[in-house]
Amino acid sequence: MTGTEPTRRLRAWPALRVDDWTPTRETLHMWTQIVGKIRLSRAPLVNHWWQVTLYVSPRGLTTSAIPHAAGSFDIEFDFVDHRLHIRSSDGRTRQVALEPKPVADFYSETIGALGELGIPVQIQAKPNEVDPAIPFAEDHEHRSYDAAAANLFWQQLVAADRILHEFRSRFTGKVSPVHFFWGAMDLACTRFSGRTAPQHPGGAPNCGDWVMVEGYSHELSSCGFWPGGGAEGAFYAYVYPEPEGFADYRIGPREAFYSRDHRQFLLPYEAVRTAEAPERALLEFLDTTYEAAAELGHWDRSALEADPGRWNHKHRIHNPWEVEP
């Protein structure tokens with residue numbers, strides 16, 4: 001390892017103990033729910049609720065373009081300058097400061113900024129998948145914002161997003177975008193076998209069972225990262241429905257394990273961060289847990305998987321869209 005590699009790896013895989021930023025994490029969770037629900041109120045339904053998610057951006061988390069009557073708009077959490085940017089396709093913008101403030105104030109300021117842009121919004125103004133679910137306008141409990149911690153969390157997401165996109169590229173079947181879902185505050189990518197699944201029983205706190213029925217309508221293998229499950233967060237992988245033997249399937253790397261409480265495999269973030277080759281360690285976890293789901297679930301792997309390097313022999317062409325002379 002060269003002298004610059006440890007520093008480069010530290011930047012690419014930063015350390016952030018969950019216990020050190022829990023108040024900020026809980027506040028940010030509520031803020032992302034508000035922004036996610038704004039997208040939900042405007043975007044037409046896409047299977048498995050894919051229209052409501054956020055995406056990792058070079059500055060933070062973004063909604064991407066959201067349609068409205070006069071055009072479109074987007075909302076982005078900027079964890080570099082610590083601003084919430086709201087941009088309309090008519091060229092107008094508004095900002096909300098990301099700083100210590102109650103959820104009630106963030107909610108009021110965000111809805112007010114949209115109103116100033118001529119984008120009235122009505123949402124179900126209380127959080128999902130948490131208990132208790134304090135209405136946003138009444139939440140003065142969650143008010144912390146540690147800017148340095150928020151930036152480090154975003155850098156963790158950037159690292160995870162990069163590898164999840166590589167993992168996604170190996171699948172030609174139905175597969176979700178790599179997205180940040182504000183319900184559980186996790187970054188996820190989900191592959192599907194192509195078959196329908198038994199109706200999901202639901203049970204998430206303050207969330208209608210029908211929401212889970214839509215999300216889990218087809219057999220799936222899901223993986224991702226969330227700021228829990230380990231001292232610095234954890235990567236996870238689960239399958240629905242879970243086939244017999246899944247929990248006992250041999251996976252890697254050695255630090256990964258099956259959690260009976262969560263009913264999923266977990267790999268502590270710190271195990272990846274401190275690995276000699278973090279990217280390889282994470283891909284081993286993603287590949288072997290998917291293999292467990294696909295093999296035990298009898299997926300048609302030959303029809304669903306592909307080599308993302310299948311055109312590498314053509315890379316001598318400067319522009320891949322040009323015809324080779």
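The numbers here are math on the coordinates, done by the rules we state, and not lab data. Quantities reported herein were computed from a predicted structural model and do not represent experimental measurements. Note that each Cβ is placed from the backbone with ideal geometry, even for glycine, and that neighbours are counted across all protein chains shown.
Counting other C-beta atoms within 10 Å, and keeping those with at most 11, which DSSP coil GluC sites (Glu not before Pro) do you find in region 201-289?
Working: sites: GLU214, GLU219, GLU232, GLU244, GLU255, GLU270, GLU276, GLU279, GLU284; in loops: GLU232, GLU244, GLU255, GLU276.
Answer by residue number: GLU244, GLU276.
In plain terms, the chain from THR274 to ASP261 could stretch by 2.1 nm, reckoned as 0.36 nm per residue minus the Cα-Cα distance.
Test of understanding: what is the full-extension gain from ALA97 to ASN312, defined as 0.36 nm times their sequence separation minus their Cα-Cα distance? Write out the running numbers ahead of the final one.
Values: separation 215, 0.36 × 215 = 77.40 nm, distance 4.52 nm.
Extra length from ALA97 to ASN312 when fully extended: 72.9 nm.
Spatial offset of region 165-216 relative to region 37-107 amounts to 21 Å, using the alpha carbon center of each. When all alpha carbon pairs of region 16-138 are counted in 5 Å bins from zero, the resulting P(r) reads 2, 11, 21, 25, 22, 13, 5, 2, 0 %.
Between GLN199 and ARG59, 0.36 nm times their residue separation minus their Cα-Cα distance comes to what? List each step's numbers first, then the result.
Values: separation 140, 0.36 × 140 = 50.40 nm, distance 3.83 nm.
This chain segment gains 46.6 nm when fully extended.
Look at the alpha carbon pairs under 8 Å that are at least 6 residues apart: their mean separation over the length of the chain gives a relative contact order of 16 percent.
Label positions at HIS165 and SER72, each projected 7 Å from the Cα along the C-beta direction, are separated by 1.8 nm.
May I ask for the equivalent-ellipsoid semi-axes of region 160-251, computed as the square root of five times each C-alpha gyration tensor eigenvalue and listed largest first in whole Å?
Numbers: eigenvalues 79, 63, 45 Å².
For region 160-251, the ellipsoid semi-axes come out as 20, 18, 15 Å.
Exposure proxy for HIS82, HIS313: other Cβ atoms within 10 Å of each Cβ, ordered fewest to most, give HIS313, HIS82. Here's the list of lysines a cross-link from LYS101 could span, going by alpha-carbon distance under 25 Å and ignoring same-chain residues fewer than 8 apart: LYS37, LYS126. Starting from the Cα of GLU244, step 7 Å toward the Cβ, then list every residue of region 272-299 with an amide N under 18 Å from that point. The answer is 292-299.
Taking a ≥ b ≥ c as the square roots of the Cα gyration tensor eigenvalues, with a/c under 1.5 meaning rounded and otherwise prolate when a/b beats b/c, else oblate, which class fits the chain? List each step's numbers first, then the result.
Details: a/c = 1.39, a/b = 1.34, b/c = 1.04.
Because its axes are fairly even, with a/c under 1.5, the chain counts as rounded.
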